[in-house]
Amino acid sequence: MVIERTYNIPLRQEWLKTPRYKRAKKAVIAVKEFLSKHLKQEDFNKIKLGEHLNLELWKHGVKNPPHHIKVNVKKLDDGLVLAELFGYEIKMPEEKKEKKKKEKKEEKKKEGKREEKEEKREEKEEEKKGNKKKEEVKKEAKEKVEKEEVEEKQEVKKEGIEKEVEKVEEEKVSAGKKVEEAKEEKVGNKEEKKEEAKEK
C-alpha cells in the first residue's frame with residue numbers, strides 16, 4: 001500500500017546545534033531523521049530526497065538553510081520513501097540505470113585489466129625468450145673465446161718445443177763439429193811428431 005503525505009518539517013532547532021559551515025548538511029540529515037521517524041523507516045539509504053528539495057535546502061549556501069520546509073512524501077510497498085518539495089511531482093529514482101552503467105563500467109575495467117595482464121604476460125614471455133637467446137649467444141661467444149685461448153696456448157707450446165728441438169739439434173751439430181776439429185788436431189799433431197822424428 002502506497003502512503004502519500006505532506007509535512008512541514010522544522011529545521012531551525014536542528015541546524016542551530018552545529019557550526020555554521022555544517023548547517024545545510026545538518027538540515028538534510030534533519031529532513032531524513034524526521035521522515036524516518038514519521039514513516040517508520042530506519043534505513044536512511046531507503047529515504048530519497050528529490051532534486052528540487054535538495055536545491056531548496058542549499059539555496060542560500062551551507063551557512064543559511066531554511067528554518068522549515070514543506071514536503072510531499074510517498075512511501076512505497078518495498079519501504080522506499082521518496083520526498084519532494086511541495087508543488088513538484090515525485091519522480092522515481094533512476095538507480096537501476098546507474099547500477100547497470102556502473103556494472104558495465106566495471107566489466108569494461110575488468111576486461112581492460114585482463115587484456116593488460118595478458119599483454120604483460122606475453123611481453124614477459126618474449127623477454128624471457130629474448131634473454132634465453134642472448135644467454136645462448138653469450139655462451140657461444142665465451143666458448144669461442146675459450147677455444148681460441150686454448151689453441152693459442154697450444155700453438156705457443158708447440159713453438160716452444162720446436163725452438164728447444166732446434167737448439168738441441170744445433171748443440172748436437174756444434175758438438176759434432178768440435179769432435180771433428182779435435183780429431184783433426186790430433187791427426188795433425190801425430191803427423192808433426194812423425195815429421196820431427198824423421199828429421200832427427
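The values are calculated or read from the model by the stated rules, or taken from the named source; none is laboratory data. Keep in mind the model is a prediction, meaning the values are calculated, not measured. Cβ placement follows ideal geometry from the backbone for every residue including glycine, while neighbour counts extend to all protein chains displayed.
Things worth noting here:
- The numbered conditions (1) free of Cβ contacts under 8 Å to residues at least 12 places away in the same chain; (2) under 15 Å from residue 74 (Cβ atoms); (3) not hydrophobic (A, V, I, L, M, F, W, C) are all true for residue 46 except (1).
- Among (1) among the aliphatic types (A, V, I, L, M); (2) more than 47 Å from the chain's Cα centre (by Cα); (3) crowded, with 19+ Cβ neighbours inside 10 Å; (4) under 14 Å from residue 3 (Cβ atoms) - the single one residue 47 does not satisfy: (2)
- Of the residues 62, 28, the single one that is assigned to a loop (DSSP other than H, G, I, E, B), in contact (Cβ under 8 Å) with a residue 12 or more places away in the chain and of a type outside the set (Gly, Ala, Ser) is 62.
- Region 69-101, residues that are at pLDDT 85 or above and exposed (fewer than 11 other Cβ atoms within 10 Å of the Cβ): 77, 78, 87, 89
- Checklist (1) at pLDDT below 90; (2) in a strand (DSSP E or B) applied to residue 108, failing item: (2)
- Within region 1-15, considering residues that are over 11 Å from residue 68 (Cβ atoms) and among the charged types (D, E, K, R), the one surrounded by the fewest Cβ atoms within 10 Å (Cβ to Cβ): 4
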